[in-house]
Ligand SMILES: O=P(O)(O)OC[C@H]1O[C@@H](O)[C@H](O)[C@@H](O)[C@@H]1O
């Protein structure tokens, strides 16, 4: 890909919706729609797309875009009375020109700050005062960092609680060739079994049917290994103890209007999340949740990947 200077450009995307395109010197890029503060693209220095977005995705409010990285806030899934995954993913966010300094990634050049504050309508369904700031940053090496800061701005002394997820859809060559490392032996809630709690077995996860699990208190690093592509995604997270793993498989895929029948083969959601223990904020308090994604070539040793290297190397 053409190398150049880091840049940030606001332009029109699909359906005339506004998006911000981030580019870094080596030719890596990312795209973020203001609708949902939704990352829809992350490309490496060969111009290869690393995130999955459905060919049937609908870029039209109020439907959330199918793929990329939807923001689930203030509710993950059906864990509460709000609509599935909350409303942040189908609200129009604004560019935050005056974001307070973000600790830890102020040296990056290709980033955008977005902000969501409650509208009158939102206050009716979730009566809390907050500012939600999201920074999407592309590092010089092409890593994608999402940092969320939610602040309780209430003047009436009222705390609030929320659940959250970065609902990341990774693009994979073939789901049956994918392994996830870092979630072995952990407890999880199985969404397909009424959120019943189970303990994962000792091996890395592989996929041969529908999966919808919320792993609890996970390590801060999870690896998604795509054997066919010889690519490993490394997901690092802070402030987000849980991790959701989702693939709809064939039957559910067919039932979703904005998802191709066979597309389940080419995606896997691994979602850094805070679900089991909702985050509670008193007035004036702020929560920070960060997800860092990198894509690295898988290193093989007689066909086997060394999990120690991927997770701790
Ligand atoms: O269709 P939606 O609302 O985007 O949700 C997709 C999936 O998102 C996952 O995070 C949930 O665990 C699944 O239960 C859900 O089906």
Report, ordered by the first and then the second residue, all pairs with beta carbons closer than 6 Å, sequence separation of six or more or different chains, a first member in the stretch 157-169 that is over 17 Å from residue 293 (Cβ atoms), and a second member that is not in a strand (DSSP E or B). 157/283; 159/282; 160/128; 162/74; 163/75; 163/76; 163/79
Are any residues in the stretch 268-284 more than 11 Å from the chain's Cα centre (by Cα) and either at negative phi or crowded, with 24+ Cβ neighbours inside 10 Å (or both), and if so, which ones? 268, 274, 275, 276, 277, 278, 279, 280, 281, 282, 283
Limited to the stretch 1-25, what total is found for residues that are outside any strand (DSSP E or B) and at pLDDT 95 or above? 7
Selection from the stretch 254-266 of residues within 11 Å of the ligand (Cβ to nearest atom) and not in a loop (DSSP other than H, G, I, E, B) yields 255
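One line per residue, one yes/no per condition, for (1) assigned to a loop (DSSP other than H, G, I, E, B); (2) modelled with pLDDT under 95; (3) within 16 Å of the ligand (Cβ to nearest atom); (4) in contact with a helix residue (DSSP H, G or I) (Cβ under 7 Å, 6 or more places away or on another chain):
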{"position": "27", "(1), (2), (3), (4)": "yes, no, no, no"}
{"position": "32", "(1), (2), (3), (4)": "no, no, no, no"}
{"position": "47", "(1), (2), (3), (4)": "yes, no, no, no"}
{"position": "57", "(1), (2), (3), (4)": "yes, no, yes, no"}
{"position": "79", "(1), (2), (3), (4)": "yes, no, yes, no"}
Considering each residue of the stretch 59-77, count those that are surrounded by fewer than 16 Cβ atoms within 10 Å (Cβ to Cβ) and either within 11 Å of the ligand (Cβ to nearest atom) or not in a loop (DSSP other than H, G, I, E, B) (or both), and give that number. 1
Single match in 157, 202 (criterion: modelled with pLDDT under 95, closer than 30 Å to residue 129 by Cα, away from the ligand (no atom under 16 Å from the Cβ) and outside any strand (DSSP E or B)): 157
Within the stretch 171-181, the residues that are surrounded by fewer than 23 Cβ atoms within 10 Å (Cβ to Cβ), under 18 Å from the mean Cα position of the chain (by Cα) and within 26 Å of residue 217 (Cβ to Cβ) are 181
Only one of (1) within 16 Å of the ligand (Cβ to nearest atom); (2) in a loop (DSSP other than H, G, I, E, B); (3) touching a residue at least 12 places away in the same chain (Cβ under 8 Å) does not apply to residue 102, and that is (1)
Looking only at the stretch 84-99, and only at residues there that are within 16 Å of the ligand (Cβ to nearest atom) and touching a residue at least 12 places away in the same chain (Cβ under 8 Å), the one that is surrounded by the fewest Cβ atoms within 10 Å (Cβ to Cβ): 90
Can you tell me which residues in the stretch 205-234 are in a loop (DSSP other than H, G, I, E, B), closer than 16 Å to residue 170 by Cα and more than 15 Å from the ligand (Cβ to nearest atom)? 206, 227, 228, 229, 230
So, residue 243, is that one within 16 Å of the ligand (Cβ to nearest atom), free of Cβ contacts under 8 Å to residues at least 40 places away in the same chain and buried (at least 19 other Cβ atoms within 10 Å of the Cβ) or not? no
Looking only at the stretch 133-152, decide whether some residue is in contact with a strand residue (DSSP E or B) (Cβ under 6 Å, 6 or more places away or on another chain), surrounded by 15 or more Cβ atoms within 10 Å (Cβ to Cβ) and without any contact (Cβ under 8 Å) to a residue 60 or more places away in the chain. yes
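So that you can scan it fast, the table gives a plain yes or no per residue for (1) surrounded by fewer than 24 Cβ atoms within 10 Å (Cβ to Cβ); (2) touching a residue at least 12 places away in the same chain (Cβ under 8 Å); (3) over 17 Å from residue 147 (Cβ atoms); (4) within 15 Å of the chain's Cα centre (by Cα):
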site: 19; (1), (2), (3), (4): yes, yes, yes, no
site: 26; (1), (2), (3), (4): yes, yes, yes, no
site: 30; (1), (2), (3), (4): no, yes, no, yes
site: 33; (1), (2), (3), (4): yes, yes, yes, yes
site: 39; (1), (2), (3), (4): no, yes, no, yes
site: 44; (1), (2), (3), (4): yes, yes, yes, no
site: 51; (1), (2), (3), (4): yes, yes, yes, yes
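The values are calculated or read from the model by the stated rules, or taken from the named source; none is laboratory data. Keep in mind it's a predicted model, so treat the numbers as computed, not measured. Neighbour counts run over all protein chains shown; Cβ positions are idealised from the backbone, glycine included.
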